[in-house]
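*Asks:* Below you will find the structure I want to go over with you.
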Amino acid sequence: MSKVLLDMKNVRVSFFTPAGEVKAVNDISFQLKEGDVLGIVGESGSGKSVTAYSIMGLLATGGRVVGGTIDFNGHRINEMTEKELRKIRGNEVSIIFQDPMTSLNPVYTIGNQICEVIIQHTDKTRKEAMERAEELLSLVGINEPKKRLKQYPHELSGGMRQRVMIAIALACEPKLLIADEPTTALDVTIQAQILELMNDLKEKIGMSIIMITHDLGVVASMCQKIVVMYAGKIVEYGSVDDIFYNPQHEYTKGLLRSIPKLDDKEHKKLVPIEGSPVDMLNPPAGCPFAPRCESCMKICLREMPEYTAISDDHYSACWLLQKKEFEGGSGKNE
Amino acid sequence: MAQYLVKRVLLAIVTIWLVATLTFSLMHLVPGGPFLAEKSPSAATLQALEEKYGLDKPVIVQYKNYIVNLIQGDMGESIKQRGRTVSDLIFTGFKVSARVGGIAILVAVSIGIPLGCIAALNRGKWLDNVIVLISTCGVAVPGFVVGTVLMIIFSVKLNLLPTYGLSSWKHYIMPVMSLAFYPTAYISRLMRSSMLEVMGQDYMRTARSKGLPQWKMLFKHALRNAVLPVITYLGPLLAYTLTGSFVVEKIFTIPGLGNAFISSITGRDYTMIMGTTIFLASLVILMNLIVDIAYKVIDPRIKLK
């Protein structure tokens with residue numbers, strides 16, 4: 001059994017805005033083992049990026065971890081000062097962002113921006129850092145790395161820029177790579193290349209990855225474990241097989257119904273999830289998904305359900321499961 | 001780059017020719033002439049004077065003569081200040097104005113930029129509010145009010161600073177302050193808003209995720225991107241401030257170019273009007289060219305075409 005690299009326990013993150021407190025992440029817990037790839041799935045505003053940023057202490061102004069503990073590689077992240085966090089960021093944990101077009105500083109060369117992080121966290125000289133940067137560029141599959149080092153971001157395509165971002169993220173061989181929708185802004189062929197590259201590098205470097213996405217296809221091809229988030233809460237957690245073949249939460253089921261399948265009959269319509277996400281300023285008292293849920297019961301609107309374990313590594317928060325358990329049924333045979 | 005420069009120089013020549021033509025026409029459309037005074041000279045004297053300066057010829061001939069001379073680099077003699085060439089007068093005035101104006105711009109840049117950054121970094125806090133308040137006042141209060149108020153405080157009440165002339169460093173304080181007040185305020189406002197914009201950019205988040213210290217994020221990543229609007233503003237500002245402000249030069253009795261320009265207009269000193277206008281136009285064009293090149297140096301995305 002490999003070591004636990006990241007342990008999130010009852011983490012709550014709030015943003016304090018003039019309009020009031022927004023509980024962007026509300027009491028979530030999960031673990032990530034060394035070498036694993038964890039997918040965090042959910043629609044926009046479900047708190048998946050906020051969860052990831054809280055691991056790096058990268059929350060935007062106004063955002064704060066207000067409860068729980070985040071333990072990463074022997075550090076208690078939520079109790080560290082900005083100065084201590086700086087030693088970890090880019091070094092032990094790195095992140096790649098959604099939009100490679102804007103994530104690189106337009107006025108500095110690629111080489112400069114890769115070297116910067118190497119020099120920050122190692123004793124390497126500028127020359128050594130440049131050599132390492134060249135190495136990294138060929139590692140992420142960029143041709144003519146020597147030439148690229150001297151180029152500016154605007155001279156590179158989106159896919160290339162995302163590769164550069166990955167090179168920056170990997171520069172100090174982090175234990176954990178957070179990928180915040182790394183392929184959303186890229187076209188489909190490039191998406192596949194980038195995912196393949198990440199899978200490759202994971203093996204080579206031996207890091208763990210947290211893959212944040214709303215693309216279930218990405219999750220299926222890369223992850224071992226999946227966290228499904230809705231309105232700041234984890235509604236279901238399980239292995240890829242659990243989530244895809246034995247989904248328990250109505251939201252997960254809805255998500256799966258909304259993606260096309262290869263073996264579907266022609267002209268079969270996709271089923272969208274009706275309604276829109278909850279207002280995070282005034283979240284409902286009960287299950288946040290209840291207003292959109294087809295199987296909503298009275299209790300769903302009043303109280304948030306506890307987690308029901310379907311197996312050791314698969315649990316979900318839904319009253320239907322609680323009901324089933326109460327009636328003596330087994331959640332395993334849906 | 002060379003091709004670009006040639007293009008810009010050719011464009012500049014056309015612009016200056018247009019400015020010269022326009023100024024020449026306007027100047028002759030305005031009633032009056034250089035020799036009209038309360039006690040008009042006799043008709044014979046007047047005719048002699050006009051003949052001497054070629055003012056008796058038709059306007060179109062005068063225009064042709066002027067342009068021909070201008071191409072040869074000769075801006076003629078001042079009509080009002082006998083025996084001095086226009087180039088000489090402009091050069092003398094410009095030396096004085098440029099020194100005062102240059103110091104004022106240095107002050108404006110070195111106070112305005114940090115002030116804007118500080119305000120942006122403390123967004124919404126009291127320090128930001130104070131800076132915004134001061135800079136709003138700064139852009140609202142005209143230079144002559146600043147000059148006069150300074151004079152009342154430091155010269156009349158406190159008797160600390162001299163009110164006219166430029167014979168020691170003390171003389172420079174009040175003119176420089178009056179000149180720098182508006183640009184300082186304006187630059188700090190520009191800097192604040194562009195800094196706020198830059199700080200919200202994705203690449204700043206990237207910089208933070210790299211574990212860079214605060215100063216490196218600010219000076220390396222933010223400043224270079226945020227300073228571009230200030231550079232844009234600096235071009236025309238340099239041209240106008242170096243050539244002197246008529247108001248400030250009048251208040252502090254500085255023998256600069258701004259003063260010379262206005263008195264040449266009121267005195268219908270035709271050659272001086274033409275000379276100073278063309279000089280100012282050339283300076284604006286030159287500064288804009290420098291700004292465009294500085295842009296290219298700061299931001300590699302910009303293509304000079």
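The values are calculated or read from the model by the stated rules, or taken from the named source; none is laboratory data. Quick caveat, the model's predicted, so the values are computed rather than measured. Heads up, the Cβs are rebuilt from the backbone with ideal geometry, glycines too, and the neighbour counts pull from every protein chain shown. The area values use the complete protein model at the heavy-atom level, side chains included, leaving out ligands, DNA and RNA. Shrake-Rupley method; radii C 1.70, N 1.55, O 1.52, S 1.80 Å.
*Asks:* Among the listed residues B:60, B:105, which satisfies the condition of being more than 22 Å from the chain's Cα centre (by Cα) and either in a loop (DSSP other than H, G, I, E, B) or over 21 Å from residue B:272 (Cβ atoms) (or both)? Break it down into steps so the answer makes sense when it comes.
*Replies:* On the way: B:105 fails: more than 22 Å from the chain's Cα centre (by Cα).
Result: B:60 is the single residue among B:60, B:105 that is more than 22 Å from the chain's Cα centre (by Cα) and either in a loop (DSSP other than H, G, I, E, B) or over 21 Å from residue B:272 (Cβ atoms) (or both).
*Asks:* Please go through (1) within 14 Å of another protein chain (Cβ to nearest Cβ); (2) assigned to a strand (DSSP E or B); (3) under 25 Å from residue A:201 (Cα atoms) for residue A:16 and return the number of the only condition it doesn't satisfy.
*Replies:* It fails just one condition, (3).
*Asks:* Further question: Among B:26, B:36, which is open to solvent by 90 Å² or more (accessible area, probe 1.4 Å), closer than 21 Å to residue B:267 by Cβ, at pLDDT 85 or above and out of contact with any Phe, Trp or Tyr (no Cβ under 6 Å at 6 or more places or on another chain)?
*Replies:* Answer to the check: B:26.
*Asks:* Report, by residue number, each residue of region A:91-133 that is hydrophobic (A, V, I, L, M, F, W, C), at the interface with another protein chain (Cβ under 7 Å from one of its Cβ atoms), outside any helix (DSSP H, G or I) and within 22 Å of residue A:180 (Cα to Cα).
*Replies:* To start, the set of residues in region A:91-133 that are hydrophobic (A, V, I, L, M, F, W, C) comprises A:93, A:95-97, A:101, A:104, A:107, A:110, A:114-115, A:117-119, A:129-130, A:133.
Pick out the ones that are also at the interface with another protein chain (Cβ under 7 Å from one of its Cβ atoms) and you get A:95, A:97, A:104, A:107, A:117.
Still in the list and also outside any helix (DSSP H, G or I): A:95, A:97, A:104, A:107.
Scanning region A:91-133 gives A:95, A:97, A:104.
*Asks:* Same structure again: Do you know which residues across region B:141-172 are part of a helix (DSSP H, G or I) and either surrounded by 16 or more Cβ atoms within 10 Å (Cβ to Cβ) or of a type in the set (Ser, Thr, Tyr) (or both)? Please lay out each step first, then the result.
*Replies:* Taking region B:141-172 and keeping what is part of a helix (DSSP H, G or I), we get B:143-157, B:169-172.
Once the filter is applied, which keeps residues that are part of a helix (DSSP H, G or I) and either surrounded by 16 or more Cβ atoms within 10 Å (Cβ to Cβ) or of a type in the set (Ser, Thr, Tyr) (or both), region B:141-172 yields B:143, B:146, B:147, B:148, B:150, B:151, B:154, B:155, B:171, B:172.
*Asks:* Of the numbered conditions (1) of a type in the set (Gly, Ala, Ser); (2) within 20 Å of residue B:274 (Cβ to Cβ); (3) at pLDDT below 85; (4) open to solvent by less than 60 Å² (accessible area, probe 1.4 Å), residue B:97 satisfies every one except a single condition; which is it?
*Replies:* Unmet condition: (3).
*Asks:* Consider residue A:140 carefully, then state whether it is open to solvent by less than 30 Å² (accessible area, probe 1.4 Å), more than 21 Å from residue A:29 (Cβ to Cβ) and within 14 Å of chain B (Cβ to nearest Cβ). First the steps, then the outcome.
*Replies:* Numbers: open to solvent by less than 30 Å² (accessible area, probe 1.4 Å): yes; more than 21 Å from residue A:29 (Cβ to Cβ): yes; within 14 Å of chain B (Cβ to nearest Cβ): no.
The answer is no for residue A:140.
*Asks:* To continue, here is another question. On the given criteria, is residue A:212 under 30 Å from residue A:171 (Cβ atoms), crowded, with 23+ Cβ neighbours inside 10 Å, touching an Asp or Glu at 6+ places or on another chain (Cβ under 6 Å) and not aromatic (Phe, Trp, Tyr)?
*Replies:* Values: under 30 Å from residue A:171 (Cβ atoms): yes; crowded, with 23+ Cβ neighbours inside 10 Å: yes; touching an Asp or Glu at 6+ places or on another chain (Cβ under 6 Å): yes; not aromatic (Phe, Trp, Tyr): yes.
Yes, satisfied.
*Asks:* Consider residue B:289 carefully, then state whether it is surrounded by fewer than 21 Cβ atoms within 10 Å (Cβ to Cβ), touching a Cys at 6+ places or on another chain (Cβ under 8 Å) and in a helix (DSSP H, G or I). Outline the logic, then answer.
*Replies:* Working: surrounded by fewer than 21 Cβ atoms within 10 Å (Cβ to Cβ): yes; touching a Cys at 6+ places or on another chain (Cβ under 8 Å): no; in a helix (DSSP H, G or I): yes.
So residue B:289 fails the test.
*Asks:* Give just the number: which of (1) modelled with pLDDT under 85; (2) surrounded by fewer than 14 Cβ atoms within 10 Å (Cβ to Cβ) does residue B:60 not satisfy?
*Replies:* Tallying (1) modelled with pLDDT under 85; (2) surrounded by fewer than 14 Cβ atoms within 10 Å (Cβ to Cβ), residue B:60 fails exactly one: (1).
*Asks:* Something else: Working only within region B:246-305, note down all residues that are among the polar types (S, T, N, Q), over 19 Å from residue B:28 (Cβ atoms) and within 14 Å of the chain's Cα centre (by Cα).
*Replies:* B:259, B:282, B:288
*Asks:* While we're on this one: In region A:19-47, what count of residues is obtained for those that are among the charged types (D, E, K, R), in a strand (DSSP E or B) and under 18 Å from residue A:278 (Cα atoms)? Steps first, answer last, please.
*Replies:* Keep residues of region A:19-47 that are among the charged types (D, E, K, R), which gives A:21, A:23, A:27, A:33-34, A:36, A:43.
Among the residues that remain, those that are also in a strand (DSSP E or B) are: A:21, A:23, A:27, A:33.
Applying the additional criterion that residues be under 18 Å from residue A:278 (Cα atoms) yields A:21, A:23, A:27.
Adding up the residues that qualify gives 3.
*Asks:* From the list B:223, B:218, which one is part of a helix (DSSP H, G or I), within 14 Å of chain A (Cβ to nearest Cβ), in contact (Cβ under 8 Å) with a residue 40 or more places away in the chain and under 28 Å from residue A:92 (Cβ atoms)?
*Replies:* B:218
*Asks:* Let me spell it out: the conditions are (1) more than 21 Å from residue B:220 (Cα to Cα); (2) crowded, with 20+ Cβ neighbours inside 10 Å; (3) more than 9 Å from chain B (Cβ to nearest Cβ), and residue A:164 meets all of them except one. Which number is the exception?
*Replies:* For residue A:164, the exception is condition (1).
*Asks:* Right, here's the next one. Within region A:120-137, restricting attention to residues that are open to solvent by 60 Å² or more (accessible area, probe 1.4 Å) and charged (D, E, K, R), which residue is nearest to the chain's Cα centre (by Cα)?
*Replies:* Residue satisfying both the conditions and the ranking: A:135.
*Asks:* I would also like to ask the following. May I ask you to list the residues in region A:220-242 that are of a type outside the set (Ser, Thr, Tyr) and touching a helix residue (DSSP H, G or I) at 6+ places or on another chain (Cβ under 7 Å)? Can you show your working first?
*Replies:* Step one: filter region A:220-242 for residues of a type outside the set (Ser, Thr, Tyr), giving A:220, A:222-229, A:231-236, A:238, A:240-242.
Result: A:220, A:222, A:223, A:224, A:226, A:228, A:229, A:235, A:236, A:240.
*Asks:* Still on this structure, please answer the following. List pairs: first in region B:132-144 and under 20 Å from residue B:244 (Cβ atoms), second not acidic (Asp, Glu), Cβ under 6 Å, 6+ apart or cross-chain?
*Replies:* B:143/B:178; B:143/B:247; B:143/B:248; B:144/B:247
*Asks:* Only residues that are in contact (Cβ under 8 Å) with a residue 24 or more places away in the chain and either surrounded by fewer than 19 Cβ atoms within 10 Å (Cβ to Cβ) or within 17 Å of the chain's Cα centre (by Cα) (or both): list them for region B:113-127, please.
*Replies:* First pass over region B:113-127, keeping only residues in contact (Cβ under 8 Å) with a residue 24 or more places away in the chain: B:113, B:115-117, B:119-121, B:123.
Answer for region B:113-127, where residues must be in contact (Cβ under 8 Å) with a residue 24 or more places away in the chain and either surrounded by fewer than 19 Cβ atoms within 10 Å (Cβ to Cβ) or within 17 Å of the chain's Cα centre (by Cα) (or both): B:121, B:123.
*Asks:* Among the listed residues B:257, B:283, identify the single one that is closer than 19 Å to residue B:5 by Cα and in contact (Cβ under 8 Å) with a residue 24 or more places away in the chain.
*Replies:* Values: B:257 fails: closer than 19 Å to residue B:5 by Cα.
Result: B:283 is the single residue among B:257, B:283 that is closer than 19 Å to residue B:5 by Cα and in contact (Cβ under 8 Å) with a residue 24 or more places away in the chain.
*Asks:* Still on this structure: Restricted to region B:241-260, and to residues that are crowded, with 17+ Cβ neighbours inside 10 Å and among the hydroxyl-bearing types (Ser, Thr, Tyr), which residue is nearest to the other protein chains (Cβ to nearest Cβ)? Let's see the steps before the verdict.
*Replies:* At the first step, the residues of region B:241-260 found to be crowded, with 17+ Cβ neighbours inside 10 Å are B:241-249, B:251-252, B:254, B:256-260.
From what is left, the residues that are among the hydroxyl-bearing types (Ser, Thr, Tyr) are B:241, B:243, B:245.
On the way: B:241: 28, B:243: 32, B:245: 34 Å.
Out of the qualifying residues, it is B:241.
*Asks:* I would also like to ask the following. Considering only residues that are open to solvent by 30 Å² or more (accessible area, probe 1.4 Å) and modelled with pLDDT of 85 or more, which ones fall in region A:1-18? Break it down into steps so the answer makes sense when it comes.
*Replies:* Going through region A:1-18, the residues open to solvent by 30 Å² or more (accessible area, probe 1.4 Å) turn out to be A:1-4, A:9-10, A:12, A:15-18.
Matches in region A:1-18: A:3, A:4, A:9, A:10, A:12, A:15, A:16, A:17, A:18.
Residue-by-condition table, conditions (1) touching a residue at least 12 places away in the same chain (Cβ under 8 Å); (2) touching a strand residue (DSSP E or B) at 6+ places or on another chain (Cβ under 7 Å); (3) among the polar types (S, T, N, Q):
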residue: A:22; (1), (2), (3): yes, yes, no
residue: A:31; (1), (2), (3): yes, yes, yes
residue: A:37; (1), (2), (3): yes, yes, no
residue: A:85; (1), (2), (3): yes, no, no
residue: A:94; (1), (2), (3): yes, yes, yes
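*Asks:* Here's a check for you: in region B:71-93, which residue that is in a helix (DSSP H, G or I) and touching a Ser or Thr at 6+ places or on another chain (Cβ under 7 Å) is surrounded by the most Cβ atoms within 10 Å (Cβ to Cβ)? Let's see the steps before the verdict.
*Replies:* So the first thing to find is which residues in region B:71-93 are in a helix (DSSP H, G or I), and the list is B:71, B:86-93.
Those left that are additionally touching a Ser or Thr at 6+ places or on another chain (Cβ under 7 Å): B:86, B:89-90.
Values: B:86: 26, B:89: 23, B:90: 22.
By that ranking, first place goes to B:86.
*Asks:* Run down A:85, A:38, A:59, A:32 and say which single residue is more than 9 Å from chain B (Cβ to nearest Cβ), under 13 Å from residue B:208 (Cβ atoms) and either within 16 Å of the chain's Cα centre (by Cα) or surrounded by fewer than 21 Cβ atoms within 10 Å (Cβ to Cβ) (or both). Spell out how you get there, then give the answer.
*Replies:* Values: A:85 fails: more than 9 Å from chain B (Cβ to nearest Cβ); A:38 fails: under 13 Å from residue B:208 (Cβ atoms); A:32 fails: under 13 Å from residue B:208 (Cβ atoms).
Step by step, each of A:85, A:38, A:59, A:32 is checked, and only A:59 is more than 9 Å from chain B (Cβ to nearest Cβ), under 13 Å from residue B:208 (Cβ atoms) and either within 16 Å of the chain's Cα centre (by Cα) or surrounded by fewer than 21 Cβ atoms within 10 Å (Cβ to Cβ) (or both).
*Asks:* Further, regarding this structure: Would you mind stating whether residue B:206 is part of a helix (DSSP H, G or I) and within 30 Å of residue A:114 (Cβ to Cβ)?
*Replies:* Numbers: part of a helix (DSSP H, G or I): yes; within 30 Å of residue A:114 (Cβ to Cβ): yes.
Taking the combined requirement at face value, the residue satisfies it.
*Asks:* I've got another one for you. crowded, with 16+ Cβ neighbours inside 10 Å, in contact with a Gly (Cβ under 7 Å, 6 or more places away or on another chain) and over 16 Å from residue A:166 (Cα atoms): is that true of residue A:48 in this structure?
*Replies:* Values: crowded, with 16+ Cβ neighbours inside 10 Å: yes; in contact with a Gly (Cβ under 7 Å, 6 or more places away or on another chain): yes; over 16 Å from residue A:166 (Cα atoms): yes.
Judged against the criteria, residue A:48 is a match.
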